[in-house]
Amino acid sequence: MNLLHAYVSGRVQGVYFRGWTRGHAQRLGLHGWVRNLRDGRVEVLASGPDNALRELQELLYEGPALSRVDGVEIVAMADEEQPTHGFSIAPTV
């Protein structure tokens, strides 16, 4: 299992980005969460098989129909912080 930790910028809040991301993550069998950030970005943390994480990462560049993705920043994160159950929408921070 590997980890994807990403920050998505653009018009990504108020356009169903979190629900859309959760739906794709659940379909791909990933664990983790997605949340809005007060600075207007969306943060995604997902764990699972490499091929599923790659597909989710590619999808993040597209976003749902009403969104406009300006960038996706992938960041490294320690393995011990990997989520292991389900995929949820977390509270805004």
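The values are calculated or read from the model by the stated rules, or taken from the named source; none is laboratory data. Fair warning: this is a prediction, and the values are worked out from it, not measured in the lab. Every residue, glycine among them, receives a Cβ derived from its backbone with ideal geometry; neighbour counts consider all protein chains shown.
Can you name the condition, by its number, that Val34 falls short on among (1) out of contact with any Asp or Glu (no Cβ under 8 Å at 6 or more places or on another chain); (2) surrounded by 19 or more Cβ atoms within 10 Å (Cβ to Cβ)?
Of the numbered conditions (1) out of contact with any Asp or Glu (no Cβ under 8 Å at 6 or more places or on another chain); (2) surrounded by 19 or more Cβ atoms within 10 Å (Cβ to Cβ), the odd one out for Val34 is (1).
Working only within segment 37-93, note down all residues that are under 10 Å from Val12 (Cβ atoms), touching a Phe, Trp or Tyr at 6+ places or on another chain (Cβ under 6 Å) and either surrounded by fewer than 17 Cβ atoms within 10 Å (Cβ to Cβ) or of a type in the set (Ser, Thr, Tyr) (or both).
Hit for segment 37-93 is Ser67, nothing else.
Which of the residues that make up segment 1-28 are within 9 Å of the chain's Cα centre (by Cα), closer than 11 Å to Ser47 by Cα and either of a type in the set (Gly, Ala, Ser) or surrounded by fewer than 20 Cβ atoms within 10 Å (Cβ to Cβ) (or both)?
His5, Ala25, listed by residue number.
Among all residue pairs at least 6 apart or on different chains, which show Cβ distances below 9 Å where the first residue, located in segment 16-40, is without any contact (Cβ under 8 Å) to a residue 40 or more places away in the chain and at negative phi and the second is outside any loop (DSSP other than H, G, I, E, B) and charged (D, E, K, R)?
Pairs that qualify, where the first residue is without any contact (Cβ under 8 Å) to a residue 40 or more places away in the chain and at negative phi and the partner is outside any loop (DSSP other than H, G, I, E, B) and charged (D, E, K, R), are His24/Glu55; Leu28/Glu55.
From the list Gly29, Gly14, Gly40, pick out the single residue that is in a loop (DSSP other than H, G, I, E, B) and under 16 Å from Thr84 (Cα atoms).
Gly29
Name the residues in segment 60-89 that are aliphatic (A, V, I, L, M), part of a loop (DSSP other than H, G, I, E, B) and at pLDDT below 95, would you?
Val75, Ala76, Met77, Ala78
Going by what's in this entry, would Val93 be described as in a strand (DSSP E or B), touching a residue at least 12 places away in the same chain (Cβ under 8 Å) and not small (Gly, Ala, Ser)?
It is false that Val93 is in a strand (DSSP E or B), touching a residue at least 12 places away in the same chain (Cβ under 8 Å) and not small (Gly, Ala, Ser).
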